[in-house]
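As structure tokens, the structure follows; a few thoughts come after it.
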Amino acid sequence: MSSPQKPSSDSPRHLLLGVCGGIAAYKAADLCSQAVKAGFHVRVVMTPSATRFVGPLTFEALTGHPVMVDALATGHGSDGVSAIEHIAWAKWAHVACVAPLTASTLGKLACGLADDALSTVWMALPDGVPSLLCPAMNTAMWDNPVVRRNVRWLDELGRYTWVDPTSKRLACGDVGVGGLAEVPDILEAIRAAVAP
Ligand SMILES: Cc1cc2nc3c(=O)[nH]c(=O)nc-3n(C[C@H](O)[C@H](O)[C@H](O)COP(=O)(O)O)c2cc1C
């Protein structure tokens, strides 16, 4: 098994940011911007659904790097990255974070499905790369027994750190747990994950 890259203490940290198709996807742009300002090199992987909420161009402008949406895309070996993009991107990461994480992608990660770019890259993350999950969904979805079970299954793997959803008035008008954690709290969790 390949081991994750070890950054030297003064080199920029590589953040792989996964964005799913939830209403909180627009907040991922703020997270991305804040992470870049904090000195991270950021690459973004979006699900096809996520691109319906926020355009990849936003993240490309913020990161200065193409966004990966197509699981079957191949690269051209530029900047030392191999043509097998999902493996190369996974190896590039010092820390990975999915924000927002939808119920659907949470289920894919729990069940080992890899049928889009995000779930494929996350499947390829080397063991030892800190991986944060920031769910956001309607309270009924979060409380759904199948989502609860999928959360337990992911916990059992011991590979993921949750940045828990908050209780608030949600976009759908319901009040309850399911709001994306605050961006500064997610950024702090990312920083903590790569702290020496
Ligand atoms: C307006 C709108 C908002 C949505 N918000 C969420 C959400 O916050 N969380 C969630 O899990 N699903 C949400 N969904 C449903 C997802 O978009 C849907 O399950 C989609 O298949 C998720 O795909 P992905 O996980 O590949 O991004 C929303 C759908 C719509 C139309």
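Values in this text are rule-based calculations from the coordinates and carry no lab data. Not measured: the values here are computed from a predicted model. Cβ: placed from backbone, ideal geometry, glycine included. Neighbour counts: every protein chain shown.
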What ranking of 26, 160 emerges when the number of other C-beta atoms within 10 Å of each C-beta is taken as an exposure proxy, fewest first? 26, 160
Log10 I(q)/I(0) at q = 0.09 Å⁻¹ for the chain, from Debye over equal alpha-carbon scatterers, is -0.30
Residue by residue, what Karplus-based ³J(HN,Hα) values in Hz, rounded to whole numbers, does the stretch 34-40 have, using 6.51, -1.76 and 1.60 with θ = phi - 60° and x for Gly and Pro? 5, 5, 4, 5, 7, x, 6
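Take 27, 168 and order them by how many other Cβ atoms sit within 10 Å, fewest up front.
168, 27
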Simple spin-label model, 7 Å along Cα-to-Cβ: residue 166 to residue 84 in nm? 4.1
Using Cβ contacts closer than 10 Å as the measure, can you line up 84, 190, 23 from fewest to most? 84, 23, 190
Computed helical MRE - 222 nm, the chain, DSSP H runs ≥ 4 contributing -39500 (n - 2.57), nearest 500: -11500 deg cm²/dmol
Gap in Å between the Cα centre of the stretch 152-196 and the Cα centre of the stretch 95-120? 14
Report the antiparallel proportion of the DSSP beta bridges in the stretch 14-194 as a percent, rounded to a multiple of 5. 20
